[in-house]
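All remarks here apply to the structure that follows.
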Amino acid sequence: VDGAAPPEIRIEDDTSEIVLDGRYTPFDFGTVTQGAAAPTQTYTVINHGYDDLDITAIEVPGGFLLTEGLPASLAPGESDTFTIALDTSAAGYFGGEVSVFSNDLDEAESNFSVEGQVTTPGQEQLFLGISNRRMPENTTMVVTLRRSGSLADPLTVTLTSSDPLAVTAPATVTIPAGLAEVIFEVTGGFVDENQAVPVEAAAAGFEPATNAIQGEAEGGGS
């Protein structure tokens, strides 16, 4: 057979489960107090191809830090790990995609989602988790709204989309008494491929939460 066989990237989590390229269910770093020790997660990159796998870059979303990187190249059958930490220096919800760039012919950019929340001491928090941060036109996606603190009373939360024509969210949702979270849907109208639409959740006595939905080209998937 003429020509060299290509390299092949495979990413595994810390339980040795394969991380699918484009995985949209985020790896959850949990909720920690501002200034606390940063939670970390470690991932393994394996070259299961037949030529050297060149790693050109690793990008992490805002609110996260790359604390251990990868070598520039992995020989066939070789593996190494990289570690991501949730930055606890500032309060807020943080989420987005981790991208690993390589010379894999089919997966030159391997992506998966992460999320975590850093809370202000003494301040109750809202947490807005989105099932898939990339949203094709005319689709719906699931959103989870979570609260901290007492669960004794129901909590009504106001939702605001920065562009209601692109992403439509209910005006309010209510977390019932005794429950920490509620699940609801948002719908997408026309979302440009490169447009990010923030959605904010706010309630009296709570620090608001914001998450963004990224437009996706028609026919794309993640």
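State in Å² the accessible area per residue of the stretch 16-143; use a 1.4 Å probe, count heavy atoms of protein chains only, and round to the nearest integer.
Averaged over the residues of the stretch 16-143, the accessible area is 44 Å².
Is the C-alpha gyration tensor of the stretch 61-197 telling us rounded, prolate or oblate? Criteria: a/c under 1.5 is rounded; beyond that, a/b larger than b/c is prolate, otherwise oblate.
It comes out oblate by the Cα gyration axes.
Determine ³J(HN,Hα), in whole Hz, for all residues of the stretch 163-170 in sequence, where each value follows from phi through the Karplus function 6.51 cos²θ - 1.76 cosθ + 1.60 and θ = phi - 60°; x replaces Gly and Pro.
Using θ = phi - 60°, the values come out as 9, x, 6, 8, 10, 9, 10, x Hz.
Which whole-Hz couplings ³J(HN,Hα) result when phi for each residue of the stretch 47-60 is put into the Karplus expression 6.51 cos²θ - 1.76 cosθ + 1.60, θ = phi - 60°, listed in order with x for Gly and Pro?
Using θ = phi - 60°, the values come out as 9, 9, x, 10, 9, 4, 9, 8, 9, 9, 5, 10, 10, 10 Hz.
With springs connecting C-alpha atoms under 10 Å apart, model the chain as a Gaussian network and identify which of A212, A166, A152 has the largest mean-square fluctuation.
A152
Of all the accessible heavy-atom surface of the stretch 70-222, with the other protein chains kept in place and a 1.4 Å probe, what percent is carbon and sulfur?
Of all accessible area on the stretch 70-222, carbon and sulfur atoms account for 53 percent.
List the relative contact order of the stretch 1-88 as a percent without decimals, with contacts defined as Cα pairs under 8 Å and 6+ residues apart.
Rounded, it is 34 percent for the stretch 1-88.
The values are calculated or read from the model by the stated rules, or taken from the named source; none is laboratory data. Here the structure is a predicted model, which is why all the values come from computation and not from measurement. All accessible areas refer to the heavy atoms of the entire protein, side chains included, with ligands and DNA or RNA removed. Shrake-Rupley method; radii C 1.70, N 1.55, O 1.52, S 1.80 Å.
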